[in-house]
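To start, the structure itself, in structure tokens.
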Amino acid sequence: MVRILFLALCSLCFAGNATSNGGDTVSVLPAKLDSIVAGRNLVYQSLKKGDNNSALEATASLRAMSPVPEFALDDLELMEIYLMTDRFDSAMVMWGRIYSTALENVRYSYVSDSLLAHLNGNYNFLIDKTFKADSNKVKSLFDRALKNIESQENHDLALIIKDVEPEYSLNSKFRATHYYGCNRGYDCGKVDSYANLKSGMYVRVVGGYLESKLDTTGLDAVILRLENFKKNYPESEFIPWIQKLLEWRTSQRKSVVHRSNYYNERLYTGGIGIEIWGGIRSMLVGVPIQFGRVAFDFLLGGIDHYGGTFLATVGGDVFETKWFKVVPFVGGKNPFVAGAQFEYRPWILPCSANGIGQYVSFKFRYMAMYGKVKTEDGAKKKEFHNGFFLGVGMHLW
């Protein structure tokens, strides 16, 4: 029965391939097919008995029978066999190859039998209906693998695979066939829609490059690991994939920084606010307006020595972070002033890309003041005074 099903699947797949690819077919003699089916069963029986050596020998023989790569035994099945027999070095190499062909068309072995069921049954925490792996079982698997991998290169590769595993999804062959037959632009409502796929060429890995929850510290560690792998193993077959991961992680880091420092793009875009200042026998109300890095301030109130006054100042936003801001300024009417203003923002309401942000700031201002003051006899003369002011402001930006 298995042989009949295997023949039917092969015929269906390769017939469609001949149509779409101008004769790209694979011919398998019945006797050869019998040997492949028997070989798969031998691998299954050996794994079931826990005879790892026999299972690996049968696996090697089965791969040698395959008329084309991944026909008799595909890479996903091979990876699972290596995991089951504790051949973690080989398993990580296969795992890396599978991930490095993510979203590419690859072959499957075109058979559903006891071997496939046995492998999927043991590794359903990697391959499940929700396309989400069981994180606890995955961690346990990698903990055991990393303790037993012999090659330093494979050990470093395993650390990278462990890092990206949450962002990839392995899928059993038939589920992946139907899932991605629809997802890659084919009409799922038509019975013959899968005939448009290259016969025997199905997307093995669903997922890849999903959003990561890593912060900049975590991403820096991952980026360093990828850079070290490139430097230490320049001849590795995985360098193209490592380079893609490195570019992706670098892009992720930029996105994380952008999200965390959204204010950077709007620091010098300007805004308007209202502020209240208090000093020794002084009180001022101000309206600050900023265009780019140029900041204007219009102040009205009373200043000790100078009495009621109106001040207009202009300054430059020379230093600004999310929390702090420094603006030296000059201006006046009476008195003339020069000094610097320091702001601390304890509360910020982020703005959307096209919206308006708000923040509250506590301020300190020093002003060197020179202007006319009234003397006791009612005359006026020009005097110099230092002014120190504390203030609070609310701003739209």
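A few points about this structure:
- Annotation: of all residues in region 44-74 being aliphatic (A, V, I, L, M) and assigned to a loop (DSSP other than H, G, I, E, B), the one that is nearest to residue 170 (Cα to Cα) is 73.
- Annotation note: Cβ proximity below 6 Å between a residue of region 239-259 that is in contact (Cβ under 8 Å) with a residue 60 or more places away in the chain and a residue that is open to solvent by less than 50 Å² (accessible area, probe 1.4 Å) and in a helix (DSSP H, G or I) (sequence gap 6+ or interchain) occurs for 241/100; 242/226; 242/229; 245/226.
- Checklist (1) within 24 Å of residue 103 (Cα to Cα); (2) modelled with pLDDT of 95 or more applied to residue 149, failing item: (1)
- Some residue of region 340-347 being open to solvent by 60 Å² or more (accessible area, probe 1.4 Å), touching a residue at least 24 places away in the same chain (Cβ under 8 Å) and within 32 Å of the chain's Cα centre (by Cα): no
- Output for region 382-397, where each listed residue is free of Cβ contacts under 8 Å to residues at least 60 places away in the same chain and open to solvent by less than 100 Å² (accessible area, probe 1.4 Å): 386
- Some residue of region 201-224 being open to solvent by 20 Å² or more (accessible area, probe 1.4 Å), modelled with pLDDT under 50, of a type in the set (Gly, Ala, Ser) and out of contact with any Leu (no Cβ under 8 Å at 6 or more places or on another chain): no
- Pairs are defined by a Cβ separation below 8 Å, a sequence spacing of at least 6 or placement on different chains, a first member in region 364-379 that is under 21 Å from residue 390 (Cα atoms), and a second member that is loosely packed, with under 10 Cβ neighbours inside 10 Å; the pairs so defined are 366/386; 367/386; 368/386; 369/386.
- So residue 51, is it open to solvent by 10 Å² or more (accessible area, probe 1.4 Å), over 19 Å from residue 150 (Cβ atoms) and modelled with pLDDT of 95 or more: yes
- Residue-level analysis places residue 298 among those that are of a type outside the set (D, E, K, R) and more than 15 Å from residue 366 (Cα to Cα).
- Helices (runs of 4 or more DSSP H) enclosed by region 75-136 - at least 1 residues per element that are open to solvent by 30 Å² or more (accessible area, probe 1.4 Å), of a type outside the set (A, V, I, L, M, F, W, C) and modelled with pLDDT of 95 or more: 75-84, 88-100
The values are calculated or read from the model by the stated rules, or taken from the named source; none is laboratory data. Predicted model, so just to flag it, every value in this text is computed and none were measured. Please note: Cβ atoms are built from the backbone with ideal geometry, for glycine as well, and neighbour counts cover all protein chains shown. Heavy atoms of the whole protein, side chains included, go into the accessibility calculation; ligands, DNA and RNA do not. Shrake-Rupley method; radii C 1.70, N 1.55, O 1.52, S 1.80 Å.
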